[in-house]
Amino acid sequence: MPLAQRSIWQVAAPETRFDPLGEDLAVDVAIVGGGITGLLCAWLLSREGRRVAVLEGLRVGEGSTGNSTGNLYAPVGGHEHALADDDVAAQVWRARAEAVDRIEQIVRAEKLDCDFVRRPWITFSMDQEEDPVFGRLRGIASKAGMTLRDASGELPFPVTRAVALDGQAQFNPLSFVRGLAKRLQGANCRIHEQSRVESLEAGEPNRLRVNGRTVTAAWVILATHTPVGVLKVHAALAPYREYGIAATVSRGALPQGICWSTDPRHSLRSYRVEDRDHLVVVGYKHKVGQAEDTEAAYRELERYAAKRFAAGATHYRWSAQGYWSADGLPYVGESAHGDHVLYASGFAADGLTWAAVSAPILAAQVLGQPHPSRKLLEAGRFRPLASAVELAKENLNVLEQYLKDQPGTADADEFPQVRRGQGKTLARHGEKLAVHRDDEGRLHVVSAVCTHMQCVVRWNRAERSWDCPCHGSRFGPDGQVLEGPALAALPPRAAHTGRKP
């Protein structure tokens with residue numbers, strides 16, 4: 001049986017238990033999402049006297065935050081290729097460096113036990129040919145007032161080129177958000193887990209339906225990685241999943257710092273848990289719902305770790321979702337829901353640092369204050385030269401997914417072709433069905449049509465989920481929403497007849 005999905009951060013992070021919302025509630029700010037973005041917003045606003053409610057559909061930090069790399073750094077993932085202007089890139093680096101400092105200030109102020117340490121950020125290549133990324137990075141660093149130094153001799157494995165930026169940081173992101181949540185729960189802030197938003201009606205005030213209850217709020221912040229509901233911004237976001245493993249390795253072979261390889265792109269770091277040193281390897285990015293064999297991601301990472309670093313047994317496996325914007329920068333600010341509904345999205349694989357950049361922008365908007373990075377990341381921007389090609393590619397890809405949705409046919413009532421642990425998208429009596437048989441042999445049958453924008457979901461074997469290849473919504477085998485932008489679950493269907501239950 002495959003190794004259970006569990007990130008290395010979950011081992012050391014404290015447990016949290018916050019009650020589900022069970023009553024109507026009126027607050028100044030309703031924050032949807034209990035990850036790092038939502039909790040940073042709650043921390044900033046509750047300190048200013050605003051009454052805040054954090055509404056988390058699962059558990060605090062259980063989404064992308066608790067399945068991230070635990071790295072904080074000024075450079076942008078993807079080596080700045082999307083940021084065509086070096087001056088803009090330098091501005092971004094400075095904003096992100098300030099965000100890393102902000103995380104450290106909160107760790108110190110709240111006395112959070114989350115293994116926060118300063119470490120260098122290192123990009124390296126094992127290719128014999130000169131990689132142009134190094135020249136670009138040096139130019140951006142210089143404009144940003146930072147210094148990249150040569151680091152070729154600092155890694156415990158041979159490389160052809162390496163540069164380092166000192167003063168970056170690492171931590172356990174799940175310990176950070178759960179520790180912060182415990183500090184926040186009090187007079188000005190209420191946190192509710194297992195409290196998924198079912199609907200949002202923008203107005204004065206805004207109204208959210210949660211667990212059958214009504215939450216009214218002057219402001220709503222959608223800190224859900226991608227905004228819930230059907231919005232035009234989804235056409236400018238590309239959802240990807242990326243995978244991580246943590247494997248044992250001798251201390252001498254562990255890289256110390258945030259290490260990125262350029263060939264192919266992997267993120268490496270070390271972390272000690274349960275009295276064992278682990279090498280963390282993250283990579284194998286693919287569009288959500290568009291990989292035939294998601295288990296192959298883990299096999300590829302394990303082969304890479306074993307070949308390059310003589311890594312031993314893999315103890316932890318996990319994955320996370322990122323949304324890539326058209327121009328390489330997040331969208332932060334007002335949503336199409338209304339002027340008092342804000343969101344932050346498009347963090348790509350840099351969500352931890354971007355969260356610490358975005359939260360102060362969102363908080364300042366609620367407080368009626370200016371912020372120096374607001375215009376740079378404004379949600380309503382459109383940069384024709386930088387983003388037109390990427391927007392066209394993304395929307396063509398979504399159209400292709402709609403057109404290729406041709407599920408197989410189920411001729412038998414009990415779907416005998418679906419084996420234990422397997423999921424298949426089938427058609428019965430003209431309806432598209434998502435069929436999964438669990439390890440005990442029980443069938444779970446739900447509609448295969450995503451409740452967001454009607455694309456047909458596909459089975460993710462590694463994570464046993466139904467994933468939408470169009471806009472990234474994910475659902476459990478029982479149809480419940482795991483990740484938005486979908487709000488509604490996949491409706492259940494009868495397993496043995498053509499009738500709806």
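The values are calculated or read from the model by the stated rules, or taken from the named source; none is laboratory data. What you see is a predicted model; the values in this text were computed from it and never measured. Cβ: placed from backbone, ideal geometry, glycine included. Neighbour counts: every protein chain shown. Heads up: the accessible areas ignore ligands, DNA and RNA and are worked out on the full protein's heavy atoms, side chains in. Shrake-Rupley method; radii C 1.70, N 1.55, O 1.52, S 1.80 Å.
Here are some notes:
- Residue within the stretch 110-122 that is surrounded by 21 or more Cβ atoms within 10 Å (Cβ to Cβ), modelled with pLDDT of 95 or more and charged (D, E, K, R) present: yes
- If you go through the stretch 162-183 and keep only what is of a type in the set (A, V, I, L, M) and more than 15 Å from Thr65 (Cβ to Cβ), you end up with Ala162, Val163, Ala164, Leu165, Ala169.
- Of everything listed in (1) at pLDDT below 80; (2) touching a helix residue (DSSP H, G or I) at 6+ places or on another chain (Cβ under 8 Å); (3) open to solvent by 70 Å² or more (accessible area, probe 1.4 Å), the single unmet condition for Arg461 is (1).
- Residues of the stretch 269-294 classified as closer than 24 Å to Thr425 by Cα and either of a type in the set (A, V, I, L, M, F, W, C) or surrounded by 16 or more Cβ atoms within 10 Å (Cβ to Cβ) (or both), total: 7
- Residue within the stretch 331-351 that is at pLDDT below 85, closer than 25 Å to Leu208 by Cα, surrounded by 15 or more Cβ atoms within 10 Å (Cβ to Cβ) and out of contact with any Pro (no Cβ under 9 Å at 6 or more places or on another chain) present: yes
- Cβ pairs under 9 Å, 6+ apart, first in the stretch 26-46 and within 20 Å of Gln369 (Cβ to Cβ) and among the charged types (D, E, K, R), second part of a helix (DSSP H, G or I) and open to solvent by 10 Å² or more (accessible area, probe 1.4 Å): Asp28/Val366
- Once the stretch 180-189 is narrowed to residues that are surrounded by fewer than 23 Cβ atoms within 10 Å (Cβ to Cβ) and of a type outside the set (A, V, I, L, M), the residue that is nearest to Arg47 (Cα to Cα) is Asn188.
- Filter pass, Ala448 being surrounded by fewer than 22 Cβ atoms within 10 Å (Cβ to Cβ), closer than 22 Å to Gln321 by Cβ and under 28 Å from the mean Cα position of the chain (by Cα): no
- Among residues of the stretch 271-299, those that are among the hydrophobic types (A, V, I, L, M, F, W, C), part of a strand (DSSP E or B) and farther than 18 Å from Ala310 by Cα, counted: 1
- Exclusive hit being modelled with pLDDT of 95 or more and more than 16 Å from Val29 (Cα to Cα), set Glu242, Glu193: Glu193
- For the stretch 160-177, the set of residues classified as open to solvent by 10 Å² or more (accessible area, probe 1.4 Å) and not in a strand (DSSP E or B) consists of Thr160 only.
- Residues that are of a type in the set (Phe, Trp, Tyr) and over 18 Å from Ile106 (Cβ atoms) within the stretch 336-376 comprise Tyr343, Phe347, listed in sequence order.
- Screening Glu302 with (1) modelled with pLDDT of 85 or more; (2) within 28 Å of Arg161 (Cα to Cα); (3) assigned to a strand (DSSP E or B) gives one miss only, at (3).
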